[in-house]
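Novice: Questions regarding the structure given below will be posed in turn.
The values are calculated or read from the model by the stated rules, or taken from the named source; none is laboratory data. Just so we're clear, the structure is a prediction, and the values are computed from it rather than from any experiment. Reconstructed Cβ throughout: ideal geometry from the backbone, glycine too, with neighbour counts over all protein chains shown.
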Amino acid sequence: MKKDSSLTVGQCEVPEDVPTLQAMLKAERMRNADLTGRLATSVQMLLSYQPYTTQAPMTKEQQWSQACSADKVTTEAWRDTWLEAIRRNVKENDADSRMVNIDYGKYAYKPALCVASGPSLKRNFQHVKELPEEIPVISCLHSFHKFVDTGTRCNSFLTLDAGDIVIKEVTEGGSHPEDYYWDASKDYTLVAGLVSPPALIKKWRGPVQFFNATIPDPKFLEEMPTITKNSYTYSVGGNTFGACMYHAAWIWGCRELALIGADFAFDYMHKFHAWDSSYDNQFQGLVACTDVWGNRVYSWQSYQNFRMWTEFQCQGGNSNHHIRIINCTEGGTLGAYPHGNVMWVEQKTLRDWIDQSSRWLKYKDWGKTRKPGEYLVMW
């Protein structure tokens, strides 16, 4: 009897030859990848924000303490690198005459959009193009390639990080060669911490402004005035995205900040950014968190400390400021706890915030030409 070349299981034929099996396996993996991609872009339709709660597991003061818990370890490891970078930027890049104070009050009383680099940018970044020109945008430098690739407007890119890894992250995840992005930088302003790698400043072809970051270390604070005359031109951020928020509020003078990409966590697909990055291979040493939808996600403790600093600022910070901060990330852990989203971190979709801000601009312009007895309906 002639042996059949395949076995029949229900309606499915299973071939015996290895090349055919490999081809079927490859096709199945492609179908699964396509399904995963479609799920990732449609999952927001299945989600809704957690209800607000007035209770959080820790007080505002405890959040500040948690945010600063690793300061000593970080300072000991990076102090010499920071001081050397400051010396070189002052000497080689004329940092003392290019400080951010030249932009004080540039966008006073306007709302601003602050862009991080979290995985939720896949959900709403395309809406940034809908922002009116009057609303400034500031972004972490790590998202630079995304703005360039999509032709999206950004007023300034900010970096607070030290080390040459910053240079690699400028183009990581982009769809063009590295030189393409460095050439594109001529059209954008870089706001750089004095601790930024001097090589980054030399590669950047557009305007560069510098700022100093507060380092809670006596040795650092003692040596700073001997290196730069601008040791008190501060940005209080604790991390790059925090420095973006500080710059928009205290340098530009913006009255309201909307945040996107502020996940502070991996997404459901274990992605740490909105593009493939080296962080995706470091899914270990994590803590479990709750996101704004009430689902479990994972993050590093250091990024949850950054989140604590941001929530601390949403409650007024050390100065009890009255700047309104709205989380438009549409994902991530900012303001989220197992029993709900805290009330002092306002959650809103980016489209809703853009619509609200656009109405404010219409109201502002309408007020200049309003006729007696004419009223504008805002709701």
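Novice: If you take the residues of segment 305-344 that are aliphatic (A, V, I, L, M) and closer than 17 Å to Thr59 by Cα, which of them is surrounded by the fewest Cβ atoms within 10 Å (Cβ to Cβ)?
Specialist: Among them, the one singled out is Met343.
Novice: Determine if segment 207-221 includes at least one residue that is out of contact with any Ser or Thr (no Cβ under 8 Å at 6 or more places or on another chain) and among the small types (Gly, Ala, Ser).
Specialist: No, segment 207-221 contains no residue that is out of contact with any Ser or Thr (no Cβ under 8 Å at 6 or more places or on another chain) and among the small types (Gly, Ala, Ser).
Novice: Follow-up. Can you tell me which residue within segment 41-70, out of those that are farther than 27 Å from Thr240 by Cα, hydrophobic (A, V, I, L, M, F, W, C) and surrounded by 12 or more Cβ atoms within 10 Å (Cβ to Cβ), is modelled with the lowest pLDDT?
Specialist: Val43
Novice: Right, something else. Quick test for you: out of Tyr104, Tyr109, pick the one residue that is at positive phi and surrounded by fewer than 16 Cβ atoms within 10 Å (Cβ to Cβ).
Specialist: Tyr109
Novice: Same structure, new question: In this structure, does Ser302 turn out to be small (Gly, Ala, Ser) and either in a helix (DSSP H, G or I) or in contact with a Phe, Trp or Tyr (Cβ under 7 Å, 6 or more places away or on another chain) (or both)? Explain how you work it out, then say what you get.
Specialist: Details: small (Gly, Ala, Ser): yes; either in a helix (DSSP H, G or I) or in contact with a Phe, Trp or Tyr (Cβ under 7 Å, 6 or more places away or on another chain) (or both): yes.
So Ser302 passes the test.
Novice: Quick test of your reading of the structure: Arg123 fulfils all but one of (1) closer than 15 Å to His247 by Cα; (2) under 14 Å from the mean Cα position of the chain (by Cα); (3) outside any loop (DSSP other than H, G, I, E, B). Name the failing condition by number.
Specialist: (1)
Novice: Within segment 322-331, track down each residue that is within 20 Å of the chain's Cα centre (by Cα) and assigned to a loop (DSSP other than H, G, I, E, B).
Specialist: Passing the criteria: Ile323, Cys328, Thr329, Glu330, Gly331.
Novice: Follow-up. When the residues of segment 245-289 are narrowed to those that are in contact with a Leu (Cβ under 7 Å, 6 or more places away or on another chain) and not hydrophobic (A, V, I, L, M, F, W, C), which ends up farthest from Pro111 (Cα to Cα)?
Specialist: The residue in question is Gly261.
Novice: Additional query: Within segment 332-375, count every residue that is modelled with pLDDT under 90, among the small types (Gly, Ala, Ser), over 14 Å from Ala258 (Cβ atoms) and not in a loop (DSSP other than H, G, I, E, B).
Specialist: Residues in segment 332-375 being modelled with pLDDT under 90, among the small types (Gly, Ala, Ser), over 14 Å from Ala258 (Cβ atoms) and not in a loop (DSSP other than H, G, I, E, B): 1 in total.
Novice: Given the criteria under 16 Å from the mean Cα position of the chain (by Cα), of a type in the set (S, T, N, Q), farther than 18 Å from Ala56 by Cα and surrounded by fewer than 22 Cβ atoms within 10 Å (Cβ to Cβ), does Ser302 qualify?
Specialist: Answer is yes for this residue.
Novice: Among the residues of segment 71-101, how many are in a helix (DSSP H, G or I) and either among the basic types (Lys, Arg) or closer than 18 Å to Phe210 by Cα (or both)?
Specialist: So the first thing to find is which residues in segment 71-101 are in a helix (DSSP H, G or I), and the list is 71-92, 95-97, 100-101.
Those left that are additionally either among the basic types (Lys, Arg) or closer than 18 Å to Phe210 by Cα (or both): 72, 79, 81-92, 95-97, 100-101.
Residues in segment 71-101 being in a helix (DSSP H, G or I) and either among the basic types (Lys, Arg) or closer than 18 Å to Phe210 by Cα (or both): 19 in total.
Novice: Could I ask something else about it? What single numbered condition from (1) closer than 17 Å to Asn101 by Cα; (2) at pLDDT 95 or above; (3) over 19 Å from the mean Cα position of the chain (by Cα) fails to hold for Ala184?
Specialist: Condition not satisfied by Ala184: (1).
Novice: Restricting segment 145-186 to residues that are polar (S, T, N, Q) and closer than 22 Å to Lys129 by Cα, which is surrounded by the most Cβ atoms within 10 Å (Cβ to Cβ)? Break it down stepwise before answering.
Specialist: To start, the set of residues in segment 145-186 that are polar (S, T, N, Q) comprises 150, 152, 155-156, 159, 171, 175, 185.
Now narrow it down to the ones that are closer than 22 Å to Lys129 by Cα: 150, 152, 155-156, 171, 175, 185.
Values: Thr150: 11, Thr152: 18, Asn155: 19, Ser156: 24, Thr171: 17, Ser175: 10, Ser185: 20.
Result: Ser156.
One line per residue, one yes/no per condition, for (1) β-branched (Val, Ile, Thr); (2) without any contact (Cβ under 8 Å) to a residue 40 or more places away in the chain; (3) assigned to a strand (DSSP E or B):
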{"site": "Gly118", "(1), (2), (3)": "no, no, no"}
{"site": "Ile135", "(1), (2), (3)": "yes, no, no"}
{"site": "Lys146", "(1), (2), (3)": "no, no, no"}
{"site": "Cys154", "(1), (2), (3)": "no, yes, no"}
{"site": "Asp161", "(1), (2), (3)": "no, no, no"}
